[in-house]
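The values are calculated or read from the model by the stated rules, or taken from the named source; none is laboratory data. Being a predicted model, the structure only gives us computed values, none of them experimental. Here the Cβ positions follow ideal geometry from the backbone for every residue, glycine too, while neighbour counts run over all protein chains shown. Note: accessible area is taken over every heavy atom of the protein model, side chains too, but ligands, DNA and RNA are not part of it. Shrake-Rupley method; radii C 1.70, N 1.55, O 1.52, S 1.80 Å.
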Amino acid sequence: QVQLVESGGGLVHAGDSLRLSCTTSVRTLSGYAMAWVRQAPGKEREFVSTISWTGSSTLAADSVKDRFAISRNSPKNTMYLQMNRLKPEDTAVYYCAARWGQTSSLLQEYSDWGQGTQVTVSS
């Protein structure tokens, strides 16, 4: 099982930027696609963005694709989410997740999850 740890969350104002990081305890995530998923208070978890093992393939939800950018540094087993022009509706706990194989926007296909990091955007 892959252990994932998120960091970088915090309290910011609307329009600000944040960069989230996700690191892993395993030696390599070779072959794993990774994703960011968020859960707002009182709502179900929703897909944010995903990236392939090589980083050559990415996908993002329509609500964030013009503002958020996913990337990864495979040798360092780290994934990032650069969040720009944050909005109050981006307030949520952000989770990173991993799955063996291809990228996917389906949350049930991810087998490994972190504990999450809180992002709060004030208006």
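Just one of SER105, SER111 is closer than 19 Å to LEU4 by Cβ, touching a Leu at 6+ places or on another chain (Cβ under 8 Å) and either open to solvent by 60 Å² or more (accessible area, probe 1.4 Å) or among the small types (Gly, Ala, Ser) (or both); which is it? None of the others qualify; the one that does is SER105. Against the numbered list (1) in contact with a strand residue (DSSP E or B) (Cβ under 7 Å, 6 or more places away or on another chain); (2) open to solvent by less than 60 Å² (accessible area, probe 1.4 Å), ARG19 comes up short only at (2).
Once the stretch 53-92 is narrowed to residues that are of a type in the set (Val, Ile, Thr) and open to solvent by less than 40 Å² (accessible area, probe 1.4 Å), the residue that is nearest to THR23 (Cα to Cα) is THR78. Checked against (1) at pLDDT 95 or above; (2) open to solvent by less than 20 Å² (accessible area, probe 1.4 Å); (3) farther than 27 Å from SER122 by Cα; (4) not charged (D, E, K, R), LEU29 meets all criteria but (1). Taking the stretch 41-52 as the range and being crowded, with 16+ Cβ neighbours inside 10 Å and either part of a loop (DSSP other than H, G, I, E, B) or of a type outside the set (Ser, Thr, Tyr) (or both) as the test, the residues that pass are ARG45, PHE47, VAL48, ILE51, SER52. Of the numbered criteria (1) small (Gly, Ala, Ser); (2) touching a helix residue (DSSP H, G or I) at 6+ places or on another chain (Cβ under 9 Å); (3) in contact (Cβ under 8 Å) with a residue 40 or more places away in the chain, the one GLY55 fails is (3).
Screening ALA33, ALA40, ALA92 for residues that are within 15 Å of GLU6 (Cβ to Cβ) and not hydroxyl-bearing (Ser, Thr, Tyr) leaves exactly one candidate, ALA92.
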